[in-house]
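Following: one structure in structure tokens, then a few remarks.
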Amino acid sequence: MAGSAASKPGVLMLGIVHHATAEFEKLSEVAEVEQVKSGTREEFIRDCDSGKYAKVVAISRTYDSVQITGRFDAELVSHLPPSVRFISHNGAGYDQIDVQPCTERNISVSNTPKAVDAATANTAIFLMLGALRRAWIPQQAVRAGEWRGASPLGRDPHKLTLGILGMGGIGTATAQRAAALGFKLQYHNRKPVADLEKQFVTGQVPNYVGFEELLKTSDVISVHLPLGPATQGLIGAREFSQMRDKVVIVNTARGAIIDENALSDSLESGKVWSVGLDVYEKEPEINPRLIKHPGAILLPHIGTATVDTQKEMEILVIENVKSAVTQGKLLTQVSEQKPTMAKV
């Protein structure tokens, strides 16, 4: 899209681009780019209402920009300029955005699937193996000069059944890695995944089972669901009661999918052998019962925290914005919205 800055569509970048700086700079060739690196929700709404962003067609937002604007909920979306037609979010999970009010205003939303799959799946496997060995106990012991301390015997993956809850890109990548460890694989999804065998040409194809069957028959359960009304608090006291004794729980998706108090109860009672968590119900707060429990392997939501993945995610966000302002469509529109073509 050639021409002067005045003829270019506006793009608003919320947050800081840390790695794809060269790609971000090139965005100015097709759009008039404005960046907001700090501020408050009140200031952002005031600027929207004042007409400051009247030319903005696409908004690009980082995960951390929620600290500037708060969630893109119905209230915030109602204040966006009428010109806004696209929101490009940096993250596979997009619970920071209420998609329905965006759809009602004809605003298309994109996320960053695939770019996060490998790093998050690697984190899930790391937590899984750590939880199977209750690795925090010997780690504490060796740092205290006690060598192995009270380290218990762990479990071997090839003797166990792994239940993948949510067979999207990350769930599939986790299953592929788990197959190499010898797990018997099964999964639950809203519906069976078509042509899944093509993703497991050299190993076991995971078996599709119902939700309750997965709970009852898995030795390890790894959560890979998006957070939404249907999944918030999906795993609570009732679900833990259905699980096998000494089950292992891994969560690299969203903390609020699991009732943390019910998880803590099950961990303390011994129903749950150990947990590996990268996400929490009320981040950055972590239930103190989990922090104190020796069977908990805890990470501070760093599933995608690698230079390689962060750059790939930023590039995909920028490519979505570029496609939006030059082609009138997003490359990775969220699943709730049917692909649409908007005029820019």
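Summary of values
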item: Value of D in µm² per second that Stokes-Einstein yields for the range 116-298, Kirkwood Rh from Cα pairs, at 20 °C (1.002 mPa s); result: 130 µm²/s
item: Helix-only CD estimate at 222 nm, as mean residue ellipticity for the chain, using -39500 (n - 2.57) per DSSP H run (n ≥ 4); result: -9500 deg cm²/dmol
item: Solvent-accessible surface (1.4 angstrom probe) belonging to F211, in square angstrom, nearest 10; result: 50 Å²
item: Å² of accessible area per residue within the range 116-298, as computed with a 1.4 Å probe and no ligands counted; result: 48 Å²
item: The range 33-173: projected area of the alpha-carbon convex hull, averaged over directions, in nm²; result: 12.4 nm²
item: Highest-MSF residue in the chain out of G255, G276, G210 [GNM, Cα springs under 10 Å]; result: G210
item: Taking the chain and dividing mean pair separation by its residue count, relative contact order in percent (alpha carbons under 8 Å, at least six apart); result: 19 percent
item: Protein accessible area in the chain, 1.4 Å probe - carbon and sulfur %; result: 53 percent
item: I297 - accessible surface, heavy atoms, 1.4 Å probe, Å² rounded to 10; result: 20 Å²
item: GNM top mover of K184, K37, K329 - the chain, alpha-carbon springs below 10 Å; result: K37
item: Computed over the chain, Kirkwood Rh from alpha-carbon pairs, angstrom; result: 21.6 Å
item: Helix 41-50 vs. the chain, principal-axis angle (Cα, 0 to 90°, nearest 10); result: 20 degrees
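The values are calculated or read from the model by the stated rules, or taken from the named source; none is laboratory data. What you see is a predicted model; the values in this text were computed from it and never measured. Keep in mind that these areas ignore ligands, DNA and RNA; they rest on the heavy atoms of the full protein, side chains included. Shrake-Rupley method; radii C 1.70, N 1.55, O 1.52, S 1.80 Å.
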